[in-house]
1. Among the residues in region 2-15, are any at pLDDT 85 or above, of a type in the set (Phe, Trp, Tyr) and within 15 Å of the chain's Cα centre (by Cα)?
2. For region 64-85, enumerate the residues that are surrounded by fewer than 17 Cβ atoms within 10 Å (Cβ to Cβ) and either in a loop (DSSP other than H, G, I, E, B) or of a type outside the set (Gly, Ala, Ser) (or both).
3. Would you tally the residues in region 36-54 being modelled with pLDDT of 95 or more and not in a strand (DSSP E or B)?
4. Of the residues GLY57, GLY20, GLY33, which is of a type in the set (Gly, Ala, Ser), at pLDDT 95 or above and within 23 Å of GLU4 (Cα to Cα)?
5. How many of the residues in region 1-27 are under 14 Å from GLY57 (Cα atoms) and of a type in the set (A, V, I, L, M, F, W, C)?
Amino acid sequence: MVAELAHFRLKQHILDIGAGVGGPARRWAQKYGVRVWGVELSEEVYQTAVALTTWVGLQDRVHFAQGSALAVPFERDTFDVVVMQACRHADRRKRPALCGVLSRPQAGRAARVT
């Protein structure tokens with residue numbers, strides 16, 4: 001559903017904040033031909049995401065970084081679409097900062113916070 005709402009297109013670069021074990025990221029890469037970078041806070045979950053992605057052979061299209069959504073390790077304007085499906089789980093004090101930044105896409109870009 002997120003991919004349809006964000007109108008994923010072939011070869012777009014997607015940032016998935018709070019990527020978990022990477023299931024959606026792998027599905028989007030496989031189904032829509034996009035490249036996905038996922039950010040996951042938990043070291044253990046991050047390692048699982050990397051292992052599963054390698055196991056299914058998608059490591060050339062799906063990448064992960066371990067770290068905080070408040071300090072994503074990427075340059076501004078790197079991505080065509082930013083997805084954060086877990087915004088409602090964020091600390092209530094941090095939610096406005098997370099959601100506010102992600103909901104201001106540039107022209108021709110999309111952000112979806114659900």
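The values are calculated or read from the model by the stated rules, or taken from the named source; none is laboratory data. Bear in mind the structure is a predicted one, so any value in this text is a computation, not a measurement. Glycine gets a Cβ as well: all are built from the backbone with ideal geometry, and neighbour counts include every protein chain shown.
1. Residues of region 2-15 at pLDDT 85 or above: 8-15.
Subsequent filtering for residues that are of a type in the set (Phe, Trp, Tyr) retains 8.
This time we only want the ones that are within 15 Å of the chain's Cα centre (by Cα), so: 8.
Yes; the residues of region 2-15 include at least one that is at pLDDT 85 or above, of a type in the set (Phe, Trp, Tyr) and within 15 Å of the chain's Cα centre (by Cα).
2. Listed by number, the residues that qualify are GLY67, SER68, LEU70, PRO73, PHE74, GLU75, ARG76, ASP77, THR78.
3. Here the count works out to 12.
4. The unique qualifying residue is GLY33.
5. The number of residues fulfilling the criteria is 1.
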